[in-house]
Amino acid sequence: MASSWRDNLPLETMAKERQNPPFNVRAMSIAQHGTEKELLLKEKFMLEISRDPIFYMGDVHDLTKDQLRERTMAKIGSLVHCVQNESIEHFTKRMELIGLFDPGFWTRFGVHYGLFLGAIRSGATANQFSYWMEKGVVSCKGMYGCFGMTELAHGSNVAGLETTATFDEQTDEFVVHTPNIGATKWWIGGAAQTATHCSVFAQMIIRGKKHGVKTFIVPLREPQSFQLLPGINIGDIGKKMGRDGIDNGYIQFTNVRIPRAYMLMKHTQVTREGQVFEPPMQQLSYVALLQGRVSMVVDTANTAKKALTIAVRYAAVRRQFKSSAEQEHETPILDYLLHQRRLMPLVAQATAFAFTALNLTKMFEETSASLEAMEPGPEMDRALEQLKSTHISSSGLKAHCVWQTLEAIKQARLACGGHGYSSYNGFASMEADFAVHATWEGDNHILALQSGRSLVQSYLEALEGKKSGDATDYLNDLDNVLKRKCKGGDALLDLKHIEEGWGTVTAHAVKKAGEDYQSHIKAGKSKELAFEEASQSRFVAAMVHVSGFIFRQFKQAVDRMEDKGDGVKEHLTRLAVFYGLWRMEEQGSFFLRSGWLSPADFDAVQAKVTDFCADTRKYVIPLVDSWSISDHVLNSPIGRWDGDIYRAYFGRVRQQNPQLKAHPYFEKLIKPFLFRPDIELEDYDEAIGIDDEITEIQEEREEAAAEAKEAAEAAKNEK
Ligand SMILES: Cc1cc2nc3c(=O)[nH]c(=O)nc-3n(C[C@H](O)[C@H](O)[C@H](O)COP(=O)(O)OP(=O)(O)OC[C@H]3O[C@@H](n4cnc5c(N)ncnc54)[C@H](O)[C@@H]3O)c2cc1C
């Protein structure tokens with residue numbers, strides 16, 4: 001069919017959106033990726049996966065669970081050489097991209113390289129690490145690992161896990177055992193079909209004494225035959241809400257014996273005689289926790305950008321209604337003010353998340369590198385203090401970014417109307433795959449509560465005069481911080497002033513949580529109970545703190561940026577202000593309650609947010625272009641770069657749903673349905689004759705009554 005002007009209108013519309021961008025798009029892209037090197041690397045990986053047939057994703061929405069799992073396994077085979085031949089930095093970048101594009105694969109690969117190998121890296125002594133290297137943990141030759149922490153009846157409370165690892169001094173072995181059904185390892189990614197080994201979290205018992213949860217490497221299957229080893233019982237936990245490319249399973253251990261040296265002993269050591277040496281510094285475990293959360297924040301930023309790139313590009317070319325009969329074409333939905341209100345703040349938020357992720361990654365890499373090089377002493381204490389401060393923010397940060405991104409995916413889907421609901425446009429799987437982030441790597445609510453707990457502790461320390469670290473510096477000079485007020489007017493466009501506002505409001509929220517806690521302590525409650533009673537205000541404090549923290553990360557990134565006159569710094573500054581004010585509007589009750597905003601100031605904030613929505617709309621297409629997500633990675637016909645959405649979407653639907661010559665079940669189901677015979681119901685009345693019988697019964701009763709009456713009257717007359 002020849003193209004009509006109508007077919008080409010979306011292409012032309014999109015091209016116009018890109019005319020005269022107010023900033024240098026390439027420079028903007030570099031700024032958003034941190035460095036040009038990072039951007040080039042991402043572009044290289046995007047090109048590679050777009051040309052690799054194994055990474056074809058056009059049919060993925062129509063595959064069954066089993067087909068997805070098999071294809072995912074094939075990808076592992078194809079990618080494993082990269083692990084062996086690439087630097088960690090490059091490989092991490094590659095995985096970051098693949099996580100965005102194929103989350104099921106990312107998880108299946110990640111349980112081995114992230115969780116299993118990660119457990120060995122962080123928990124093994126140097127000798128143990130060499131041993132597992134020789135066994136093939138990096139090359140994945142002869143072994144593939146899974147991560148066995150969660151149990152059927154226990155998840156978040158790791159200390160309450162029930163699997164036991166009892167030391168047998170006679171044989172120098174640990175005996176790993178599942179004592180009851182609730183202690184069955186559950187959700188274990190890779191266990192059902194892939195893994196030969198598992199890093200098992202179990203209660204260590206020595207001479208009858210419990211020493212807490214430690215990690216043990218337990219062989220599960222004989223790699224050549226893939227037969228389960230003695231005492232191991234494994235099953236598949238089946239279909240999930242998303243990420244079906246990974247085979248989650250359950251594991252039960254029945255008196256499984258492993259050598260003592262299979263317990264990871266970098267931190268806690270157990271000698272041949274059963275003597276236990278605990279680590280001097282528990283805080284080092286922050287490093288491992290932080291790494292997981294940093295990668296989660298990176299993924300939230302990337303996923304939010306992916307969803308919004310699709311929704312924003314679609315909105316630029318999707319047209320509905322004319323405002324006058326003279327208007328040549330219908331209006332692009334992106335020009336409707338309400339549509340701008342729905343999407344533009346989320347664009348600013350995704351940008352803020354990305355800068356937060358960049359800052360956090362850098363900080364994490366620097367701190368963990370310097371920690372590794374340090375000997376215990378004051379320098380290490382300072383680094384650990386810095387780590388602790390970031391840890392406070394990072395747990396709440398993971399929760400907030402995941403919740404907000406889940407909501408952003410949903411809003412982006414809704415902004416695409418009916419086409420957002422088609423699996424081929426990517427939102428359905430994006431939402432289902434992403435949703436699990438709220439539960440794993442620490443359940444969101446629990447993390448938020450932990451963050452709130454640390455904030456309360458920082459507040460109490462501040463009352464005693466201890467200086468708070470960077471992330472909570474609003475607790476220093478608390479009396480003055482609490483009294484600060486918004487200056488209104490153009491001060492609301494000043495990043496520094498907005499930062500002060502967030503500081504004041506967060507200080508109020510943290511003070512409220514701290515006072516709640518103190519009141520329960522004064523009432524005689526234990527520390528744990530007082531924290532529990534204050535859980536709601538702790539949660540609120542954490543959520544307010546995180547919004548302010550993200551705003552600060554964005555502000556600091558912009559402050560550090562050199563102004564090269566290419567519009568990049570100017571527009572990122574606008575977006576940072578936009579983000580800070582929008583969050584202020586979203587969490588307005590706290591700003592009003594704290595007194596930092598008056599009701600009139602709040603109105604001004606709202607008006608400015610509306611202005612920023614219209615302002616951002618003007619350059620939003622070049623802005624999402626600068627996020628640099630290829631069409632292949634987007635895998636959504638309605639989000640494609642050139643705007644040719646209808647041809648692409650129609651093509652994808654036809655390709656995946658070929659018009660069959662013969663209907664698959666017309667003869668079997670539809671024809672018999674359409675031409676089914678009428679059901680002839682039996683005439684029960686005629687068959688049973690119940691109505692005639694009722695008439696007869698009535699007549700007999702009336703006759704008997706008349707006879708009785710007559711007899712009674714006759715008797716009366718005789719008297
Ligand atoms: C797809 C998928 C893959 C997974 N892969 C693995 C894996 O490979 N290996 C592994 O070990 N685990 C895995 N997990 C498990 C995951 O880590 C756990 O689900 C997670 O730790 C949460 O634990 P839970 O499910 O027991 O929830 P629970 O801890 O039972 O929480 C249930 C609810 O109660 C709330 N809650 C709990 N305690 C409190 C409290 N004190 N105060 C207030 N609210 C509370 C929580 O917020 C949550 O909403 C996976 C999970 C999923 C869904």
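Read the figures in this text as sums done on the coordinates, not as results from a lab. This one's a predicted model, so the numbers in the text were calculated from it and none came from an experiment. With ideal geometry, Cβ positions are generated from the backbone for all residues, glycine too; neighbour counts draw on all protein chains shown.
If neighbour count is taken as other Cβ atoms inside 10 Å, put 186, 106 in order from fewest to most. Intermediate values should be presented prior to the final figure.
Details: 186 20, 106 24.
Listed from fewest to most nearby Cβ atoms, that is 186, 106.
Can you tell me the relative contact order of the chain? Whole percent, Cα pairs under 8 Å, sequence separation 6 or more.
This gives 15 percent for the chain.
Cα-Cα over 21 Å: which of 496/608; 44/564; 37/362?
In this structure, 44/564 exceed 21 Å between Cα atoms.
Label-point separation (nm) for residue 63 and residue 35, each offset 7 Å from Cα along Cα-to-Cβ?
Taking the two extended label points, one gets 3.5 nm.
Efficiency by 1/(1 + (r/R0)^6): what FRET value for residue 241 and residue 659, r their Cβ-Cβ distance, R0 = 22 Å, to the nearest 0.05?
After rounding to 0.05, the efficiency reads 0.10.
Got a sec? How would 629, 76, 246 order by Cβ neighbour count within 10 Å, fewest to most? Walk me through the numbers on the way to the answer.
Details: 629 23, 76 18, 246 28.
So the residues, fewest neighbours to most, are 76, 629, 246.
Just tell me which lysines come within less than 24 Å, Cα to Cα, of residue 522; anything on the same chain fewer than 8 places away is out.
466, 511, 512
Cα centroids of the stretch 66-81 and the stretch 640-719: how far apart, whole angstrom?
Here the answer is 54 Å between Cα centres.
Could you check the spin-label model distance between residue 15 and residue 407? Points 7 Å from the Cα along Cα→Cβ, value in nm.
Taking the simple label geometry, residue 15 and residue 407 are separated by 4.0 nm.
Could you tell me which chymotrypsin sites (Phe, Trp or Tyr not before Pro) in the stretch 289-347 are loop residues by DSSP with no more than 10 other beta carbons within 10 angstrom of their beta carbon? It would help to have the intermediate numbers written out before the result.
Working: sites: 314, 321, 336; in loops: 321, 336.
Sites meeting the loop and neighbour criteria: 321.
How large is the charge dipole for the chain, taken about the Cα centre, if only the Cβ atoms of Lys, Arg (+1) and Asp, Glu (-1) carry charge, to the nearest 20 debye?
In total the dipole reaches around 3620 debye.
In deg cm²/dmol, rounded to 500, what helix-only [θ] at 222 nm does the chain give when every DSSP H run of at least 4 residues adds -39500 (n - 2.57) and the total is split over its residues?
So the calculated ellipticity at 222 nm is -19000 deg cm²/dmol.
Expressed in nm to one decimal, what extension gain is obtained for the pair residue 271 and residue 51 from 0.36 nm per residue of sequence separation less their Cα-Cα distance? Could you put the intermediate results ahead of the total?
Numbers: separation 220, 0.36 × 220 = 79.20 nm, distance 5.29 nm.
Result: 73.9 nm gained on full extension.
Loop by DSSP (not H, G, I, E, B), at most 15 other beta-carbon atoms within 10 Å: where is the longest site-free stretch of the chain for GluC sites (Glu not before Pro)?
On the way: sites that count: 86, 169, 273, 326, 328, 330, 464, 562, 680, 682.
Value returned for the longest uninterrupted segment is 331-463.
Just want the ordering: 650, 531, 147, from fewest to most Cβ atoms lying within 10 Å of their own Cβ.
Numbers: 650 11, 531 21, 147 26.
Final ranking by Cβ density, sparse to dense: 650, 531, 147.
Looking at the chain, I'd like the Rg to Rh ratio, where Rg is from alpha-carbon atoms and Rh is Kirkwood's inverse mean 1/r. Walk me through the numbers before you get to the answer.
Details: Rg = 33.0 Å, Rh = 29.5 Å.
Taking Rg over the Kirkwood Rh, I get 1.12.
Does a label point 7 Å from the Cα of residue 704, set along Cα-to-beta-carbon, have any residues of the stretch 653-694 with amide nitrogen under 19 Å, and which are they?
Hits in the stretch 653-694 for residue 704 at 19 Å: 691-694.
Considering only C-alpha atoms, what is the centroid distance from the stretch 125-185 to the stretch 6-53, in Å?
With the stretch 125-185 and the stretch 6-53 each reduced to a Cα centre, they are spaced 45 Å.
Mind checking which lysines have their C-alpha under 28 Å from residue 240, skipping anything on the same chain fewer than 8 residues away?
Of all the lysines, those that pass the test against residue 240 - Cα under 28 Å, at least 8 places apart if same chain - are 65, 75, 93, 185, 305, 306, 398, 410.
How much length, in nm to one decimal, is gained on full extension between residue 478 and residue 329, taken as 0.36 nm per residue of separation minus their Cα-Cα distance?
On the way: separation 149, 0.36 × 149 = 53.64 nm, distance 5.78 nm.
That works out to 47.9 nm of additional length.
Full extension from residue 127 to residue 90: what is 0.36 nm times the residue separation minus their Cα-Cα distance, to one decimal in nm?
10.6 nm
Please identify the chymotrypsin sites (Phe, Trp or Tyr not before Pro) of the stretch 188-261 that satisfy two criteria: DSSP loop assignment and at most 14 other Cβ atoms within 10 Å. Which are they?
Taking the stretch 188-261 and a limit of 14 other Cβ atoms within 10 Å, the loop chymotrypsin sites (Phe, Trp or Tyr not before Pro) found are 226.
Quick one, could you list the DSSP H helices from the chain stretching 30 Å or more along their long axis (Cα atoms) with average Kyte-Doolittle hydropathy of 0.5 or above?
285-317
Between residue 461 and residue 606, with labels modelled 7 Å along Cα→Cβ, what's the label distance in nm to one decimal, could you check?
Reported label-point gap for residue 461 and residue 606 is 4.0 nm.
Could you give the spread of the C-alpha atoms of the stretch 436-530 along their three principal axes, from largest to smallest, in whole angstroms?
46, 39, 21
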